[in-house]
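Asks: Sharing a structure with you now.
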Amino acid sequence: AAAAMGVQPGRRSMGDQAFERAHALALGGNAPVSIWRTYFVANEWNEMQTVRKTNLSIQLLGLLFLLYVADAKSMASSEPHSVPGYMAKDHYLLRYGVVALIYTLLGLAQWVWHVFIANRYIENAVMQFVDLCALANVSVFILQDALHGYYIHGRSVHGYADTDMWEMREHLRKEEENLTGQRGLLPESDQQTFEMHVPPLLRQQWNNVLLNVLDNKGSGGGGADGGNGGGGGGGKKKKSKKNKAAASEQSLYAYVSVNRFLCAFIDHSFRDLDYVVQDKLFLQGALQLTPRTHVRGVLYNDDGQSFAQVVFYGNESTLFMADLLVFCTADYLTGSYIAAAAITYAVSFLATAVRESLSSSNIARKTLVDERFLV
C-alpha cells in the first residue's frame, strides 16, 4: 500500500496564521513499510521549499555588469547629452526605469532558459519529485487551505518499493517497455497530480487525530512540572521523560490512524466520504470557482505542477517583483546600485533562511517525522 504525506508549508507568506492552519502527515500503508522512504520524501519536499526558477545571484551580477561595464547607468542621467567631462545628476525616476527594464529583461532571459532548456534537458525539480513519490510508493496530501489543496498519487505500479538495486532496475525496465500498469490514480491513466477539494468530514477526521496530538505535545511537560513546583529536580525529570514517552507513543498511533484513514479515502472505502476525479472547466479555472464538497470531494486533473503553488517555485513572479521592489527602494535610499544589490541579496537570503527554518519545523511537527531526520 502506498504511504501518504500531507503538508501545508504556507501559501505565499511565512505568517503564523498560515502555519497554524497547516496540517501535514507522513503515513505508512496497511502493510509494514520502511519508514526511510517516507523520511527521504520528506527531506526532498523540505529541500523544494525554496527552489526558484531564477537565480538571484546571476540576476544581480548581470544587472551590475550592464549598469557599470556596459554603462547603461548613463541612461538615467537628467542630461544625457551634456558636454564631455560633465557629470549630470541622475533622475530618480530614470534610475528606476533603467533598473526595472534591465532587471525584467534579465529575468525573462532566465525564465526562457529555465522553461525551454533546463526543465527539458537538465533538471525539472517538480516532476522529479512526482517521479520520486511513485518510486518510493509514497503519496502526498497538501492542504493549502481548510478544504483545498493538492494530491500527488505516488502509489507504485509494482505494489511495493522496499527492494534492492537490481530489482528496482527491473521495475524501471518493465515500465519503460510498458509491461506494467500506469502510474495514474485512475485505471489506464498516467495522471498523478490533482488539485483537491476535500469534504468537510475528511478535514474533521484529520483534525480530530492530528490536532489532539499537537495539543498534547504543546502542553506535554508543562503541566507535570507545574504541579511539582516545590518538588525535587529528579522527580521533575522523571515525569518529563514519561510525558515525552507518552506523547511519542500517541504520535505513532496518530501516524498509523491517519495513514489508514487517508489510504481508505483514496481507495473509495467509505460510503459517506468519497470523491470524484474530473477535468476543470474553463470558467471554473478562469473564475477560480470552488465546487460543492458537502457530500463528496473533487479531484481536478492538473498540468502536473499545480502543487508548486505552495512553495517558492510556483510563486516566482511574486518573488521576482519583491526582489525588484527591494532593489529599487534600496537604490532610492542609498543612491548606489552596488549597495542596493547587496541589500537585495541580504533580504532574499534572510527570507530564504526563515522559510527553510519554518518549513523544517512545520514538516517535523505536523508530519510526525522526527526533525532529526530532516537534513
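Asks: How do Arg169, Arg296, Arg183 rank by accessible surface area computed with a 1.4 Å probe, from largest to smallest?
Replies: Working: Arg169 150, Arg296 130, Arg183 45 Å².
Sorted descending by solvent-accessible area, the residues read Arg169, Arg296, Arg183.
Asks: Under 18 Å between alpha carbons, and skipping anything fewer than 8 positions from Lys89 in its own chain: which aspartates and glutamates qualify?
Replies: Qualifying aspartates and glutamates at Cα under 18 Å: Asp71, Glu79, Asp331.
Asks: Rounded to whole Hz and in sequence order, give me ³J(HN,Hα) for segment 360-366 from the Karplus expression 6.51 cos²θ - 1.76 cosθ + 1.60, θ = phi - 60°, writing x for Gly and Pro.
Replies: 4, 5, 5, 5, 5, 6, 10
Asks: Next question. Looking at the square roots a ≥ b ≥ c of the eigenvalues of the Cα gyration tensor of segment 264-303, which shape do they give, rounded for a/c under 1.5, prolate if a/b is larger than b/c, or oblate?
Replies: Cα axes put segment 264-303 in the oblate bin.
Asks: How big is segment 324-375 on each of its three principal axes, counting only the C-alpha atoms and giving the largest first in Å?
Replies: 49, 16, 12
Asks: So how do Met127, Met75 rank on accessible area, 1.4 Å probe, biggest first, that is with the largest at the start?
Replies: So, going from the largest accessible area down, we get Met75, Met127.
Asks: Would you tally the net charge around Ile338, using a Cβ to Cβ cut-off of less than 12 Å, leaving Ile338 out, and scoring K and R as +1, D and E as -1?
Replies: 0
Asks: If you take the alpha carbon radius of gyration of segment 143-203 and divide it by 2.2 N^0.38 Å, what ratio comes out, to two decimals?
Replies: For segment 143-203, the normalised Cα radius of gyration is 1.46.
Asks: Next question. Along the charge dipole of segment 259-375, pointing to its positive end and built from +1/-1 on Cβ of Lys, Arg, Asp and Glu, which listed residue (Ala364, Val354, Asn315) has its Cα farthest out?
Replies: It is Ala364, whose Cα lies furthest towards the positive end.
Asks: Now for a different question. Sum up the charges of everything whose Cβ sits under 11 Å from the Cβ of Asp302, counting Lys and Arg as +1 and Asp and Glu as -1, but leave Asp302 out.
Replies: -2
Asks: Here's something else I'd like to know. Let me check I've understood the local charge: for Glu176, count other residues with C-beta under 14 angstrom from its C-beta, Lys and Arg +1, Asp and Glu -1. What total comes out?
Replies: Every neighbour counted, the sum reads -1.
Asks: Moving on. Sequence neighbours fewer than 8 away in the same chain don't count; with that in mind, list the aspartates and glutamates whose C-alpha is under 14 Å from Lys366.
Replies: Cross-link targets: Glu20, Asp215.
Asks: May I ask you to give the percent of accessible area on segment 246-353 that is carbon plus sulfur, with a probe radius of 1.4 Å?
Replies: Details: 3800 of 6070 Å².
That fraction is 63 percent.
Asks: Sticking with this one: Could you tell me the largest-minus-smallest coordinate of the C-alpha atoms of segment 263-375 on each of the three principal axes, in descending order and whole angstroms?
Replies: Largest to smallest, the principal-axis extents are 65, 44, 22 Å.
Asks: Can I ask one more? Under 5 Å between amide H atoms, partner at least 5 residues away or on a different chain: which partners does Thr193 have, H built in plane at 1.01 Å?
Replies: His153, Asp302
Asks: Here's another thing I want to ask about it. Kindly sort Leu287, Leu94, Leu67 by accessible area of their heavy atoms, largest first, with the probe set to 1.4 Å.
Replies: Reading off the accessible areas and sorting them downward yields Leu287, Leu94, Leu67.
Asks: Once Rh for segment 71-192 is found with the Kirkwood sum over Cα pairs, what is the Stokes-Einstein diffusion coefficient at 20 °C and 1.002 mPa s, in µm²/s?
Replies: The calculation lands on 110 µm²/s.
The values are calculated or read from the model by the stated rules, or taken from the named source; none is laboratory data. What you see is a predicted model, and the numbers here were worked out from it, not measured in a lab. Cβ sites come from the backbone with ideal geometry, for glycine too, and all protein chains shown count toward neighbours. Ligands, DNA and RNA are excluded from the accessible area calculation, which covers all protein heavy atoms including side chains. Shrake-Rupley method; radii C 1.70, N 1.55, O 1.52, S 1.80 Å.
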